[in-house]
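Each value in this text was obtained by applying a stated rule to the coordinates, not by laboratory testing. None of these values were measured; they are calculated from a predicted model. Heads up, the Cβs are rebuilt from the backbone with ideal geometry, glycines too, and the neighbour counts pull from every protein chain shown.
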Amino acid sequence: MLNDVIFNDEKSAYDEWNIVLTKADIPLPEPKTSLVEIKGADGVLDLSEVLTGDILYNNRAITLTFEMMDDIDYYDLISNISNYLHGRIVTISLTNDEDYYYVGRASISQWQCSKRQGIIVITVDAEPYKYSVTETTMIVNVANQTKTITLQNSRKRVCPMLNVTGTITLTINGVQYELAKGKQQLSNFRLVEGNNVVKVSGNGTLTITYRQGEL
């Protein structure tokens, strides 16, 4: 199967521009570290996770190298691709990793043509995480009762969207929140990596939606 890149969930590099992906360089994001040297002591003091309780990451630089096919007007092609991508925020997904997508600002970093051969390099200053194409959704119905649910989450901490009908109370780490009707987010309700146990009580329906992110 031909490896391909889909931009903005709408344009295939191969089908739209007749260019073939020959190399995809997707490095891991660099951790944001905060190290303090202590005079008179061995080593350093690592404060990287003090503020958030988790390590944060810098953006990652994705480099996509394409080969232009024969019988292409190179200058028209570069103009078309540049008009669509250059300098813009895009989503990109690879057909060999089709369950996830990346988000970042794209640019045409290199292009060259010689006789019947051409190369174009697209770079993306991408967010650290790749995101699941499918959102995770859990619907909880309670009728004057309390239910304990477990929400599984991947590496990125996320703040779920809560959609409430009826009267719902959410208990997180022993703290209760009376939820208003309709859609909302709680700044103190963030899913960490792994299993997150919460309690839902009251009379109504709570729909929890979030998108998982991985490195």
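Taking the longest Cα principal axis of the chain as reference, the axis of helix 74-85 is set at about 10 degrees.
How big is the shadow of the Cα convex hull of the range 144-206, averaged over all directions, in nm²? Walk me through the numbers before you get to the answer.
Numbers: hull surface 15.5 nm².
Average of the hull's projected areas for the range 144-206 equals 3.9 nm².
With only the Cα atoms considered, the range 70-174 has a convex hull volume of 163 Å³ per residue. Convert 10 °C to kelvin, take the viscosity as 1.306 mPa s, use the Kirkwood radius over C-alpha pairs of the range 63-106 as Rh, and evaluate the Stokes-Einstein diffusion coefficient in µm²/s, rounded to a whole number. D, rounded to a whole number, is 130 µm²/s. Where the alpha-carbon atoms of the chain are placed on the principal axes, they occupy 74, 58, 28 Å, in descending order. Rg then Dmax, both in Å and based on the Cα atoms of the range 1-70: 20.8, 66.
If R0 is 35 Å, the Cβ-Cβ spacing of VAL197 and VAL133 corresponds to a FRET efficiency of close to 0.85.
For the residue pairs LYS32/LYS181; LYS156/LYS199; LYS23/LYS130; LYS32/LYS130; LYS130/LYS181; LYS11/LYS32, alpha carbon separations beyond 28 Å are given by LYS32/LYS181; LYS130/LYS181; LYS11/LYS32. Here the contact order of the chain, divided by its residue count and restricted to Cα pairs under 8 Å and six or more residues apart, works out to 19 percent. Within the range 30-94, the proportion of Cα pairs with more than 17 Å between them is 67 percent.
Taking the Cα centre of each part, how many Å lie between the range 92-154 and the range 159-215? Computed from Cα coordinates, the inter-centre distance equals 23 Å.
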